[in-house]
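Enquirer: Before anything else, here's the structure in question.
Readers should treat all values here as calculations from the given coordinates under stated rules, not as data from a laboratory. Computed from a prediction, not measured in an experiment: that's the story for all the values here. So basically every Cβ, Gly included, is an ideal-geometry build from the backbone, and we count neighbours across all protein chains shown.
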Amino acid sequence: MMKIGNGMVCEQKQILSQNQVQSLRILACSNQELNDLLTNEYIENPMLEQAAPQKDDFRTNIESVYERGCPGRGSFDLTGDEEEEQRKNDIPSRPADLLKKDLLMQLRRDRYSDGQWKLIQLLIDCLDESGFFPMEPGEVARFSGYPEQMVLRCLEDLKNLEPVGIFSKDLSECLLRQMEQQGMNDPALRAIVRGYLPDLLKGRIGNVTRALHLSTAQVRKYIVQIGKLNPRPVMNAQQQETEYIVPDILVEMKNGEWDIRLNDRWMGEYRVNDYYVRMIRASSDSDLTAYLKGHLERARFVIGCVEQRRRTVLKITREIVAQQEPFFRNRGRLRPMTLQDVAEKLEIHPSTVSRAVKGKYIQFQYGTVLVKDLFSACVPEQKNPEGVSAGQVRGLIRNLIAGEDKSKPLSDLALERELEKREIRISRRTVAKYRAELGIPNSDQRRYLPS
């Protein structure tokens, strides 16, 4: 018979506040993720200002576009010896050849007459180094001898090729076409791109806010969106496939001591805006004061979290380097080291170590590695007091099997004995476990595999 009644249970539960969750999130950020987070905070919070900001890629690129102007103009106004010299200097480089080939491959040759095909190649040769086509169709018609209508038709087809924005007349048209392709249809954003790029370049945000009746925060958001577009279409077409890792932590030996620092100077330094702090003290508007105080508290919290992250990551990295010093000096292999080992040494929780190293790369004299790859457990049953990591044992097993006689594959027992010769003493069962983790079949199955 079931009885229903009331009872009281006393138990402890730890519930993380929103601020604690945010602090842990910031700790787990890589430098790039932290930069994105701080950028969003800067846009939303008027109490944050960026001291000595790093010049962003978008501003750098559009600066060079404006400074250079339209280099395509005037190239065909030369005569005689000057024209011959200009032609010699205009021989396409290898990247230009690749771009031309890529653009032509996107077109169907059978859709064009021989004359149109020659004109298309001429138009491609007229692109400037950013992928813009600043010349007027009538100008092209005059120097090339082709009808203006043919030039217009060929240009229309070329503007539909990849990368999006190629053959645009100027930067504004290039960005607008990318926005259209990405479904960015905000009228205010389009108005900024059409008429206010020079103001953004010179930092005259006030001109934009007054003309379009927008808040400063909204214009900042639009600047971030514009910055994600590509101001130089040719960059996509000529970009090399090589991807480079930007390290989060730099480790260097200087004067016999380790110099350990975060690679974060490029993102600038954030601080509280003194102007608005003075406004809080002077303002008699209670609503405005409450609004600014709320954002001030948020700004101080974020700045504090970033500084705490810096101290925590550096402290953990120093301990890792101390425990793995032979590896960082290129004088030995990685030693077994767990999150618990580092946490106990620093008297912090292992989860803090895990978050602090998540997704972060460390660069030292002999390479760049993920910090988490420096951790590994000691192999069970290993009698060597120095210990050998499980990853090292797996690598040895893989190498032993790779070098075995394919007609007489090594059994797990034979692998155990081979490891013992190398002073690594583990059981056959552990050998079998590591072999299976490597995805390698047993000796009977390997015997029938094609060589």
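Enquirer: With +1 on the Cβ of every Lys and Arg and -1 on the Cβ of every Asp and Glu, and nothing else charged, how large is the dipole of the stretch 390-446 about its Cα centre, in debye rounded to the nearest 20? Please report the intermediate quantities before stating the final value.
Expert: Working: 13 positive and 9 negative charges, 16 e Å.
About 80 debye.
Enquirer: Something else: Considering only DSSP states other than H, G, I, E and B, which GluC sites (Glu not before Pro) in the stretch 404-451 qualify as loop sites with at most 13 other Cβ atoms within 10 Å?
Expert: Numbers: sites: Glu404, Glu416, Glu418, Glu420, Glu423, Glu437; in loops: Glu404, Glu423.
Here the GluC sites (Glu not before Pro) that fit, given the DSSP loop and packing criteria, are Glu423.
Enquirer: Could you tell me which residue out of Gln121, His213, Gln149 lies farthest along the dipole of the stretch 88-234 toward its positive end? Charges go on the beta carbon: Lys and Arg +1, Asp and Glu -1, centred on the Cα centre.
Expert: The residue sitting most towards the positive pole is His213.
Enquirer: For the stretch 291-382, what percent of Cα pairs sit more than 20 Å apart?
Expert: Numbers: 1874 of 4186 pairs.
More than 20 Å apart: 45 percent of the Cα pairs in the stretch 291-382.
Enquirer: What whole number of Å gives the distance from the Cα centroid of the stretch 275-349 to the Cα centroid of the stretch 99-131?
Expert: For the stretch 99-131 versus the stretch 275-349, the Cα centre distance is 54 Å.
Enquirer: Loop only by DSSP, 12 or fewer other Cβ within 10 Å of the Cβ. Give me the chymotrypsin sites (Phe, Trp or Tyr not before Pro) in the stretch 244-321 that pass, ordered by residue number. List each step's numbers first, then the result.
Expert: Numbers: sites: Tyr244, Trp258, Trp266, Tyr270, Tyr275, Tyr276, Tyr291, Phe301; in loops: Tyr244.
The qualifying sites are Tyr244.
Enquirer: Of the options Trp258, Val306, Gly268, report the single residue whose Cα projects farthest towards the positive end of the charge dipole of the stretch 242-343 (beta-carbon charges: Lys, Arg +1; Asp, Glu -1).
Expert: Trp258
Enquirer: Another question about this same structure. So for the pair Ala211, Arg398, with labels modelled 7 Å out along Cα→Cβ, what separation do we get in nm?
Expert: Rounded to a tenth, the inter-label distance reads 5.8 nm.
Enquirer: Continuing with the same structure: Mind jotting down the distance between the C-alpha centroids of the stretch 169-207 and the stretch 390-442, whole Å?
Expert: Each part reduced to its Cα centre gives a spacing of 62 Å.
Enquirer: Related question: Count neighbours as other Cβ atoms within 10 Å of each site's Cβ, and list the chymotrypsin sites (Phe, Trp or Tyr not before Pro) in the stretch 331-371 that are DSSP loop with at most 12 such neighbours.
Expert: Tyr366
Enquirer: Relative contact order, percent, of the stretch 269-343 when contacts are C-alpha pairs under 8 Å separated by at least 6 residues? Mind showing how you got there, number by number?
Expert: Details: 26 pairs, mean separation 15.9, N = 75.
Dividing the mean separation by the residue count of the stretch 269-343 yields 21 percent.
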